[in-house]
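Notes for the one structure printed next.
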Amino acid sequence: MHFEHSPKVKDLQRRFVAFMREHIYPNEATFHRQIAEGDRWQPTAIVEELKPKARAAGLWNLFLPDSEYGAGLTNVEYAPLCEIMGRVSPFAPEVFNCSAPDTGNMEVLVRYGTETQRKQWLEPLLAGTIRSCFAMTEPDVASSDATNIKSSIVRDGGEYVINGRKWWISGAGDPRCRIAIFMGKSDPQNPERHKQQSMILVPMDGPGVTIRRMLPVFGYDDAPHGHAEIAFENVRVPASNMLLGEGRGFEIAQGRLGPGRIHHCMRLIGVAERALEAMCARVQRRVAFGKPLAEQGTIRADIAESRMDIEQARLLTMKAAYMMDTVGNKTARGELAMVKIVVPRMALRVLDRAIQAHGAAGVSADLPLAAAWAHARTIRLADGPDEVHREAIAKLELKKSATP
């Protein structure tokens, strides 16, 4: 592995940092005020104002490795940029059209979509004029084992009929969310359990698609993005909306989730870096028991532990990104599983220390720390819970030890 970023990446880092300093950090309060004062479930004016500026600055769709659609960056090259965006996770990634779940859905359309599907859905997503969601998790089954999914995709002539109930569908609260990638069973009797499922494109405005409720996370509704419970009742879509082919759902999922895990992790590293900076600033200006908090041994230990935690997590994440680039997602699956466990846990530890250093202010809405903690905690469940990833890591280790 080479730990030195290329001149191209260094230039992009410099431009990202400058854009964040000029446009993102000064508008954090504006973003939250606009949500509080207006219709929470409408796009905020400030984000829409900043998007053309990001696009004009050449900081747009950088997550896509395909140079035909994106910037042609590798995972290693994109990772440090993702970290910078993650420092203001509520809205910065969207400004650059690099926010989930759109990033993963666009990657699916690039890799597996037909020319017609890309024309209809990928192009407006790339332009940032619509948004999307990924409908996989279900309330009635343990969705950590996706073979449990009960939702159905049934062929009826030139159409598919879709039925099921999904929840925690991130991004579905946004009125610009026009398309869902829906995972369900198209061949439940197939003896190969991982070929029973398919993925299909479902327009959100179709008859039978109903958002039942928005689901808060630790009391945060994450408007205007949100997380929805959605009912799909006898929804009909053209057979041409099928992605890749019947029974290919797991194949698509594996292609989609690898880069997404790296993106989640790098954004969380950005969150942790900012939390550590806030902690250091706070303890140097607050005095207790006759001396600055920064001179208290427990605080200094927390700062040191946080720096070590971040550095270890970043190195492991960069190793996973490097392996994805050089040997592919399948060979890198162990490293991807490891970072998905290690990084959210690290971010939670650093955020907890920062909250403690800020005292009561740390748990208030006056600072972003509490909301960041709530978000980081959800990432231990998103894209597979820790338990699933630990099982994958253990299997790989046992397989290695069994090899003569």
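Dividing the convex hull volume of the alpha carbon atoms of the range 266-404 by its residue count gives 117 Å³ per residue. With a cut-off of 11 Å between beta carbons, the residues surrounding LYS340 carry a summed charge of +2, where Lys and Arg count +1 and Asp and Glu -1. Using bins 5 angstrom wide from zero, how does P(r) for the range 309-387 break down, in % of all Cα pairs? Histogramming the range 309-387 at 5 Å steps yields 3, 16, 20, 19, 17, 11, 7, 4, 2, 0 percent.
Taking the dipole about the Cα centre of the range 199-293, with the C-beta of Lys and Arg at +1 and of Asp and Glu at -1, give me whichever of GLY226, PRO207, GLY249 is farthest to the positive side. Projecting each Cα onto the dipole axis, the largest value belongs to GLY226. Backbone geometry of the range 171-187 corresponds, through the Karplus equation with coefficients 6.51, -1.76 and 1.60 at θ = phi - 60°, to 3J(HN,Hα) couplings of x, 6, x, 6, x, 7, 6, 10, 9, 10, 8, 10, 10, x, 8, 9, 9 Hz, x marking Gly and Pro. Over the chain, DSSP H runs of length four or greater, each weighted -39,500 (n - 2.57), average out per residue to a 222 nm ellipticity of -15500 deg cm²/dmol.
Expressed per residue, the C-alpha convex hull volume of the chain stands at 155 Å³. Taking amide hydrogens as placed 1.01 Å from N in the peptide plane, the amide H of SER143 sits under 5 Å from those of GLU138, each at least 5 positions away in sequence or on another chain.
Sequentially through the range 74-83, phi angles give Karplus couplings (6.51, -1.76, 1.60; θ = phi - 60°) of 6, 4, 5, 6, 6, 3, x, 6, 4, 4 Hz, Gly and Pro residues having no value and appearing as x.
Please count, across the range 284-404, the pairs of lysine residues with Cα atoms under 28 Å apart that sit 8 or more places apart or on different chains. Going through the range 284-404 pair by pair, I get 12.
Each residue of the range 137-143 was assigned a 3J(HN,Hα) from its phi angle through the Karplus expression (A = 6.51, B = -1.76, C = 1.60, θ = phi - 60°), giving 5, 10, x, 9, 9, 6, 6 Hz with x at Gly and Pro. Shown here for the range 224-312: chymotrypsin sites (Phe, Trp or Tyr not before Pro) in loop regions (DSSP other than H, G, I, E, B) with at most 16 other Cβ atoms within 10 Å, namely PHE289. The alpha-carbon of LYS51 sits under 14 angstrom from the alpha-carbons of these aspartates and glutamates, leaving out residues fewer than 8 places away in its chain: GLU22, GLU94. Take 275-284, 206-215 and order them by the average number of nearby Cβ atoms within 10 Å per residue, most first; the result is 275-284, 206-215. What does the C-alpha gyration tensor say about the overall shape of the range 131-243? Classify as rounded when a/c is under 1.5, otherwise prolate if a/b is larger than b/c, or oblate. Note, shape of the range 131-243 comes out oblate. Under 5 Å from the amide H of GLU159 lie the amide H atoms of ALA239, each residue being 5 or more positions distant or on a separate chain, with H modelled from the backbone and absent for Pro and chain starts. Taking square-rooted eigenvalues a ≥ b ≥ c of the alpha carbon gyration tensor, is the range 7-113 rounded, prolate or oblate, where a/c under 1.5 means rounded and, failing that, a/b exceeding b/c means prolate? Because a/c hits 1.5 or more and a/b fails to exceed b/c, the range 7-113 counts as oblate. In summary, the range 271-335 shows an alpha-carbon radius of gyration equal to 1.64 times the 2.2 N^0.38 Å reference for compact globular proteins.
A short reminder: the numbers here are calculations on the coordinates, not readings from a lab. Predicted, not measured: the structure shown is a model, and the values here were computed from it. Heads up, the Cβs are rebuilt from the backbone with ideal geometry, glycines too, and the neighbour counts pull from every protein chain shown.
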